Structures are given as C-alpha cells and as structure tokens.
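Each remark here refers to the structure printed beneath this line.
Computed from the coordinates by the stated procedures, all read-outs in this text should not be read as laboratory data. Please read these numbers as outputs of a predicted model, since none were measured by experiment. All Cβ positions, even for glycine, are placed from backbone atoms using ideal geometry, and neighbour counts span all protein chains on display.
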Amino acid sequence: MTAVPVLQTPEERASYINAGHSLRSWFLTTDHKRIAILYLVSITFFFFVAASAAALIRLDLLTPQGDILTNEGYNRAFTLHGVMMVWFFLIPSIPATFGNFLIPLMIGARDVAFPRLNLLSWYIYLIGGFFTLFALLIGGVDTGWTFYTPYSTMFATGAVLWVIAGITIVGFSSILTGLNFIVTIHKLRAPGMTWGRLPIFCWSHYATSLILVLATPVLAITLILLAAERLFRLGIFDPSIGGDPLLFQHLFWFYSHPAVYIMILPAMGVVTELVTAGAHRRIFGYWFVACASIAIAAIGFLVWGHHMFVSGQSMYASAVFSFLSLAVAVPSAVKVYNWTATLYKGELALDPPLLFAMAFIGLFTFGGLSGLMLALVAIDVHVHDTYFVVAHFHYIMVGGAVSGFLGAVHFWWPKITGRMYSLTWGRISAGLIFFGFNLTFFPQYLLGYLGMPRRYHVYPPQFQTLNVLSSAGASILAVAYLLPLVYLVYSLRNGAPAGPNPWGASGLEWKTASPPPKHNFDVIPVVDGPAYEYPQPAAAPHG
Amino acid sequence: MMNFFRVWPPEASEHAVRVDQLFLAFSALIFALSWPVFILLAVFAIRYRRGRNADRSHAPSHGIWVETGWTIIPFLLTLAFFVYSSWLYFQTGQPPASALTVEVVAKQWMWKFEHPGGQREIDELHVPAGQPVKLVMTSQDVIHSLFLPALRLKQDVLPGRYTSLWFKALVPGTYALRCTQFCGFDHAVMGGRFVVMRPEDYARWLQQAGTDGSLAQQGFQLFRKLGCSGCHGADSTHRAPKLEGIYGAPVPLDGGRVVVADDQYLRDSILYPAKDVAAGYAPIMPTFAGQVSESDLVRLVAYLKSIGGQPQEASR
C-alpha cells in the first residue's frame, strides 16, 4: 500500500465522468452510463432500506415470543422488506445499472435507442420508490408483498392504496427500460455484431426485456382492480360482494412468477461473462446458453399456478402446472452445466468476479433444485407457505440475483470508475457472503419441513435453535454486504488506475478506455469474430 | 428436552410416510444431479488455476451429445417423480364415502370444528385413529389455510366457498394445527392442537363434549326458526321446491342448466336465492345474507343432507 493516490488519469479526464460537474449535468443527462450510475446509487439506497427491515425481522425472531416488534410492527416490517426488495431493488438491479451501462458498450453503440426515455425511466423509478417508501413508513401496510384478497381489499388497514399506487408507478419505469433494451439490441448493433456474436449478457437482457414489457402491464391492471374494490367496493375479488378471491392470485402470479425470471436472467447473463473472463475460455455451447434464456422467458409465463397448489384451484390444473414447473428448470440446468464445462481446461483466475460467479452457481443450483421439490405437488402441499419456501426463494434471489449483482460490481467496477479495488478484500467479502448466506438460509429449509409457517411473529419454542442459527448468519451477511461499500468507495480515490482491460477479458466494452469516453468509442468498432474469443491455451508440456 | 432440537416432524399417517419417502428419494436425485457440479467447480479451480501447468490442449467449445444428455436425462428422471407425486396428490382428492365429516369454519383468528353429532370445539380438533375423516371448510372473512404438519397436509380455506381435505390418521397423539395463509394481526397464533385418539377414546370424548343435538337436528331448529319451513315444508303449498331428497340430486334450473345440489349450491341458494333459480318456480325467496352465519349455514345444510334420501358423494 505504498502507491501514491493518482488524482486523475488522462483517461478519466476524457471520460464520461468528467463530461460535466454540475448537478444539472447529472440529473439531466441522457448518457446511458451516467443514468446507470444514478440507478446504482438509488438501488443501493433502497437495498439497504429493505435490508434493515430484514435485520429487524431476524432480530425479532431470536426469541419465540418476538421481543422487539409488536404484531403489527412485525407484519409491517416483512411487508416493507418484500415490497422494497422486489420492486425497488431486485427487478431494476442488474438491468437498470449494468444493462444500461454495458449493453451499448457491448454491442458497439454510442447510447441506447431512446436516451431521453432512459432518463425518464429513472425519474419514474425514483418517484415511485420514495412514494412507496413513505407510504410504507408513515401509513404502514401489513398485507405482505403479495396483497392477497380479500384481506388487502376489505380487511387490511393502513396505506394499501398508496403503496400499490407507488408500485404501479414504478412498473412504467420497468416497461420503458425493457422497451429501450429491445430496440437497442435490434437496431444499434455495430457492423458485424450478428445475433450469433452477441455476448450472452445481451441475450439474457433481451429475454428479460421481453418479460418486462409483456408481464408488467398485467401487474398494473391487477393493482388497479384491487384499488377499485378497496375504494368503490366493486365486487371483483371479495366473495361477499360477488367477487372471486382466487382471481387475484391468478393475475398476481401471472406477473409475479415471470418477475422471478426478471430477477434471475440478468444475473445469469452476468455469470456467463464472469465465467468466460475468469477462465479465459469461450462459453461452452453458446447457442444452448443463449436459447436457454429465451426458453426460460417463454416457459416462465406458464408456471404461475404452482403458487396455488393448496389454494383450491382444480387438481388437474395443479398437475399441469407441476409438469411445466419441472420443464422450466431444464434450461436453467443447461446453463449450470455449460458454465461448469466452460471452466474445463481454462485458465482460472480466482479473483473476486469468478468467486462471486462460483458462489452464484452453487447457491442458484441449490435454490433451483429445492424449487424442483416445490414443483412436486405432494411435497409442496406440506411445505407451501412455510420457511422451506422462504429458504428456496432467498437462495434464488439473494444467493442468486444478489451474488450476480455483486459479481457484476466487482467485474465492471474498474471499467465504470477506472480504478482497481483491493482484490484481497473482494475475495474476503465473496467468502463471507457465501458462508453467511448459507448459515442464514439453510436452517430455514429445516424449519419449513418441520412445519414452521412463514410470516409468523411468534413461534413454538421447539423452533428456536434453528432461528438463532439463521439470525447469526444474518449478522454475518450484514457485515459482508457493508464491506464492499467500504473498499469500493475507498478505491475511487486510492485505487490504482485500472487500464482499459484489467482482466484480459474479451468483449467490446474492454476495448475502450476505463472509464469510457462520453461517446463510448472514438470509432465505431467493426466486429469480425465470435463472442468470447480467447487465445487457445498453450499445449501441454508433454505434447 | 427432546423437543428442543427436532430434525424430523412426526408422521401420523401413511400419507405422511409416503411424502417423506418421496422427499428423501428426490433429495437423493438432487444430490446426484448437483454434486458433479460442486465437485467439478472445486477440481477445476485447483487444477486449472491460472499459471499452473496442466494439460489444456483440445479444450472443447461445444458438444451436441453431451448437451442433449444433460438436457434430457435429468428431466426424464424428474418425470418419474412427477408421476408418483401426482398420484399421491390425487389420492388426497378422493375421500372414501365412509369418511366422517367434520365441518370447519375459520375466522380471524380462530378455528371452529363441528362434529356430526353437534359437538363443537375451538382451536382443537379431535379425530379417531384409523378412520377416514373429511374436513369441509369455509371462512367467514379472509383466506386462511389449515396446516396439519403431522399429516403433511394443508388446504386453503376460502370465504364464500367450501374446500375440503381428507386423511386417515393412524398414530394416536397430539400434534400441531396451524394457519399458514397470512390473515392479519394475530395470524401467528391462529392455531392449536390436532389430537388423534383411539376410537374408543374418541367415542368417550364425544360423549363428554356434550351437544345440543346433532348438527342436522340443530339445522332443523333453524329451518323452523328462520321460517324456511313456511314455504319449503312438507305441508306447504307449491310456492317453493320440496327439499326432501334434494341433497346430491340434479336440480334443473331456469334457462335449462342442471346443477347438482351439493353443499356449495345449497349454501349459495340460501344466501343468494336469485342466483340459480330452480326451474318452474318464481324467484320470490328473500335473501338470508347477513342473517345466518357460516356455522348456521353448516347446520342448515346438515339438515338438508339428513333428509336427502340416499347419501351421495357430492362433487365439489
């Protein structure tokens, strides 16, 4: 640590960061890279807000009688946690930050197709975010992020209407981002950047965007119907005024199950980049991995009924949804096997990006396989709405999506900021996250199978040991999530200049300066080879 | 204390044993499919670490057969489990005709169970071991869910609709009974005990529990008190359909449709008489919505069942 802080490199002076210093130059920017930074800061804020609610929940569950929060306080805390994490962190996380920053760079474009819509989408996101947050904090809502009727329409007190208004608003931001990516990928690819040469990151964002554009309107419609019943007593969902409570669940999961793929597909794209760059190898089975993203998006629309196996829906419908839910796992499995095969005979640099990618593969695989268990109706009937389900979706969303997000941060940080962070600290935080995560959520699988329901503020004493283990893991996880904030911010001033390609990675984004100039490329590149072109490894010493 | 750190929930029925077997066998499959990945990640990380000498020649970039293999084989293996799981699930939808029916009414935040003899209990359910029991459930307010972990069974309980659940508990004992669908303020304490008793103990319990007459008898009292018998009674004029023998029988409706008079139809006809009017009758019956509770509806339907002629398994 004898290096003298470099105040500003020539690349930084010419970069998008230096294109303007006024607040106005940031808040009215149409540069996709600056908008990505705006998103990065805001989603990080909402992440820590939602994580604090989780910390409260885990503290409260240390004892069976729930010492810290009241019933109502607990119910509001898990609602705040779910709503903020799902709509204001997980869904925009990778697409709005890294998708925004990287898609134009990766395809050799100067910006996204609609730069001003891009900025608008951030403003809508921010307005929706603060609107929802204040409604949750001041009014308080205790319905859970799922808003099941008729509880949410006729029984729940609190600011239900305000919160669903906020969620409806933020939906428009998702739609605009999705639309922008679809058009960008179709129309702005550099000469020679054919579909078959597109980085997998772009393929998975393309699939994600399709879901964003097709599913989000259904959520808006559903929430508006909910508001109509709550406000005007229109009998839509409440049977006492002629409605059907299951209708809400069908509509809600028709959006919310694909929304899970909105969260995980971008992370899968990230992991593909991290694995290939970390191993200096071409992705094994390019077309299988690319098409798997599209297959997940397509089949993902047909599995919503697996959230309703015990709801009273037809048994035949349950069997069909069970089958389709097993089928949607196939393309995910294909990806996992292909990533593993990519590492074979590679040159693996065990730097933070690859470590996060490997953490992702491990945790996602485990979460996905427990999802197969849930797809089997006979097992789901027992563990539905228990901690088994909680553990399953946290393995996918926290173990998967958040690890993917942090992997992306550690991989592209030098590109975005021009500075290297401490690799040692990066490795430590990857390790801590992997350990803390498993300690937090593995006990919850056991709790669930033992029969502890979710959303319980108090619980029978026999569940305490496992709950204490889980809370202990959560405290490690909290430290592990704060750690990168420290060394990454430190690197902004004190990190060594990264140079254009610190990882020796392929991909157009590494062919321009770090940080990139305002218009990305001095000359639009011409692509003449496939994605992930790495030199053939040297032959073995013996032949 | 044995209960302090339990790793496996008690199994009180054959179905529970089967679900556990399915769970364990499927876990084995999952480990078989995932361990290669975990082990290879570790092996590759060590063997192919950058700068380490290793044979890296002829590294493959694709392989149609290996791709096809790992696409199809795991899927086919899971399909075998899908078939068994679905079979197991369909069993839980077909109660034997001899099942003892217990009516369940849920509301924020309590469970009410009513046995056929009219015995009532709150937050506790006593059932005889070795005999099929069918729970017919409805909610008075929001959606609840009855969870009996020792049986590995769960069913949502909806307002305005009957759902059902059946089981044959084999091992006498006291087990948990919980609500698993978030239902508001006191959701976490909406539960109690599920007691499986030897049949002779159950018979004794029924006697001690006391009753104001069977559900059907109580229903008959209501039938008279609410004035239903004025029009539907045996000696009344032809203003209303006769109800003897109606339970489980097909009812022709105005407009040509025919429905089976099951619990749901009878309940809805009391609350919303204009919804499905029997053919040949004027829609003159007043609604009883707001006047009769779900528990009273259960009694009225029990009475109609008792005068229903031959018992017939109604489709729900």
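Overview of results
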| read-out | value |
| --- | --- |
| Estimated FRET transfer efficiency when R0 is 56 angstrom, pair residue B:260-residue A:489 (beta carbons, to 0.05) | 0.20 |
| Hits among lysines - C-alpha to C-alpha of residue A:33 under 21 Å, sequence gap 8 or more where chains match | A:187, A:415, A:511, A:518 |
| Contour minus Cα-Cα distance for residue B:209 and residue B:293 (0.36 nm per residue) | 28.0 nm |
| Highest-first arrangement of A:130-140, A:414-424, B:88-98, where packing means the average Cβ count within 10 Å | A:414-424, A:130-140, B:88-98 |
| Candidate lysines - alpha carbon under 16 Å from residue B:305, same-chain residues fewer than 8 apart omitted | B:134, B:242 |
| Residue B:25-residue A:59 pseudo-label distance in nm [points 7 Å out on the Cα-to-Cβ vector] | 4.8 nm |
| Peptides B:252-264, A:497-509 ordered by average Cβ neighbours within 10 Å, highest first | A:497-509, B:252-264 |
| Listed residues B:217, B:208, B:119, most fluctuating in chain B (Gaussian network, C-alpha, under 10 Å) | B:208 |
| Computed helical MRE - 222 nm, chain A, DSSP H runs ≥ 4 contributing -39500 (n - 2.57), nearest 500 | -21000 deg cm²/dmol |
| Inter-chain Cβ neighbour average for residues B:73-86, partner chain, 10 Å | 5 |
| Cβ neighbours within 10 Å from other chains - mean over B:19-26 | 3 |
| Where labels lie 7 Å past Cα in the beta-carbon direction, separation of residue A:350 and residue A:482 in nm | 2.9 nm |
| Value of relative contact order over chain B, rounded to a whole percent, pairs C-alpha under 8 Å and six or more apart | 15 percent |
| Mean ellipticity per residue at 222 nm, deg cm²/dmol - from DSSP H runs of n ≥ 4 across chain B, formula -39500 (n - 2.57) | -11500 deg cm²/dmol |
| Residue-averaged beta-carbon neighbours from other chains (10 angstrom radius) around A:236-248 | 3 |
| For segment B:167-175, Karplus couplings with θ = phi - 60° (6.51, -1.76, 1.60), whole Hz, Gly/Pro x | 7, 10, 6, 10, 9, x, x, 10, 10 |
| Segment B:215-306 - percent relative contact order, Cα under 8 Å, separation 6 or more | 39 percent |
| Residue of B:49, B:193, B:161 that the Gaussian network model of chain B assigns the largest fluctuation, springs spanning Cα pairs under 10 Å | B:49 |
| Span per principal axis, largest first, for the Cα atoms of chain A (Å) | 68, 56, 47 |
| Whichever aspartates and glutamates have a C-alpha closer than 17 Å to that of residue B:107, once near sequence neighbours (fewer than 8 apart) are set aside | A:238, B:121, B:123, B:124, B:141, B:156, B:186, B:294, B:296 |
| Relative contact order computed over chain A (Cα-Cα under 8 Å; 6+ residues apart), in percent | 20 percent |
| Highest-first arrangement of A:19-27, A:83-91, where packing means the average Cβ count within 10 Å | A:83-91, A:19-27 |
